[in-house]
Amino acid sequence: MSQTMIILAVALTAALAVGGVAFAFFGAADTSARTSKRVAAVAKGTGRGAAKGGGDPVGASTEKRRRQVQETLKEIERKQEQTKAKVTLAALLDQADWNIEPRTFYMMTGGIGVGIAILFLVLGYAWYTALLAGFAVGFGFPRWFLGFTINRRKNAFTKEFANAIDVIVRGVKSGLPLNECLKIISNEAPEPVAPEFKAIVEGQKVGVPLEDALRRMYERMPIPEVNFFQIVLTIQQKTGGNLAETLMNLSNVLRDRKRLHGKIRALSSEAKASAMIIGALPVIVMILVYLTTPSYIELLFTERMGNVMLACCAIWMSIGIGVMKKMINFKY
């Protein structure tokens, strides 16, 4: 009896050992294979939860929103490239807020040029000198004044634009719709911020979409700050999100850019002063020599070779001033 029990116990122990070894080699491998397959299915979104529609809705929503943002940015960039490719005189006049037609501007420049040419002829200069002076003044001065007006208007707009965005942030946080916030800015903001926002409000009254109104605003005021504002509102309108928080971040970015601009101006002031002194030094010396000994420098104005030398000096001085301006004109 005892011997039979011992044999049964040994046989049972041997069977358990063989079964354990078999499970260790085959069962564990099968479990590992199933686990790997399950992990791969979850990673691809093809598991049972995905098959039943119970996947990760948050991840799918985030991916959809990201694609919408990318498509919106590509569309905005495409429209901006088209706008930059067709900058006309009418667009420049609109940026300067001059309520005149391009034909009127051409008539004004032509009148100035003819007047300068006649003045030079009356003073006794040769006809080609008078023609050259009339062309230079008539074509160059109005264009320079137009660019000066545009830059002055851009600087004034940038100075007050962050405050206008803060008005929108506070209005949205208090429960006002975006259109009412834009209307408040158009009525209470200083020039030239108020007219730009008023154009948006008037456009929306006649059915112009907000995206098109913002694009036209960027055409009238082509500065990076307006471009940021256009992108933020366009993306928020199409994809949703917290408008107040987004605009508050934009306002902080604009104020940081303004501080950086002031810091750059302070650091580059010495270089600008040196460039101004170097550029003005030849003219000052020429005037002092003319006041002290006129006969010594009159040859530059009376002789043909002197006129050629003056023209060459003017060309080289202009090139030097342009190079110095590029060296101290920092982009930020």
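Count of the stretch 258-282 residues, restricted to those that are in a helix (DSSP H, G or I), touching a helix residue (DSSP H, G or I) at 6+ places or on another chain (Cβ under 9 Å) and among the small types (G, A, S), is 4.
Working only within the stretch 90-134, note down all residues that are part of a helix (DSSP H, G or I) and hydroxyl-bearing (S, T, Y). Once the filter is applied, which keeps residues that are part of a helix (DSSP H, G or I) and hydroxyl-bearing (S, T, Y), the stretch 90-134 yields T104, Y106, T109, Y128, T129. A count restricted to the stretch 140-197 and to residues that are buried (at least 17 other Cβ atoms within 10 Å of the Cβ) and more than 19 Å from S251 (Cα to Cα) stands at 4.
Given the condition among the basic types (K, R), farther than 30 Å from D212 by Cβ and in a helix (DSSP H, G or I), answer yes or no: does some residue in the stretch 289-304 qualify? Talk me through it step by step, then tell me what you get.
Start the filter on the stretch 289-304 by keeping residues that are among the basic types (K, R), which leaves 304.
Then keep just the ones that are farther than 30 Å from D212 by Cβ; that gives 304.
Those left that are additionally in a helix (DSSP H, G or I): 304.
Yes.
Taken over the stretch 111-134, the criterion of being loosely packed, with under 14 Cβ neighbours inside 10 Å and either in contact (Cβ under 8 Å) with a residue 24 or more places away in the chain or of a type outside the set (S, T, Y) (or both) is satisfied by G111, V114, G115, I118, V122, L123, G124, A126, W127.
Restricting the stretch 220-234 to residues that are surrounded by fewer than 20 Cβ atoms within 10 Å (Cβ to Cβ) and of a type in the set (A, V, I, L, M) leaves a set whose member that is farthest from the chain's Cα centre (by Cα) is V232. All of L243, L288, L210 fail the test of being without any contact (Cβ under 8 Å) to a residue 40 or more places away in the chain, within 21 Å of V169 (Cβ to Cβ) and hydrophobic (A, V, I, L, M, F, W, C), apart from L210.
No value in this document is a laboratory result; all are computed from the given coordinates. Just so it is clear, the structure is predicted and the values come from calculations on it, not from any experiment. All Cβ positions, even for glycine, are placed from backbone atoms using ideal geometry, and neighbour counts span all protein chains on display.
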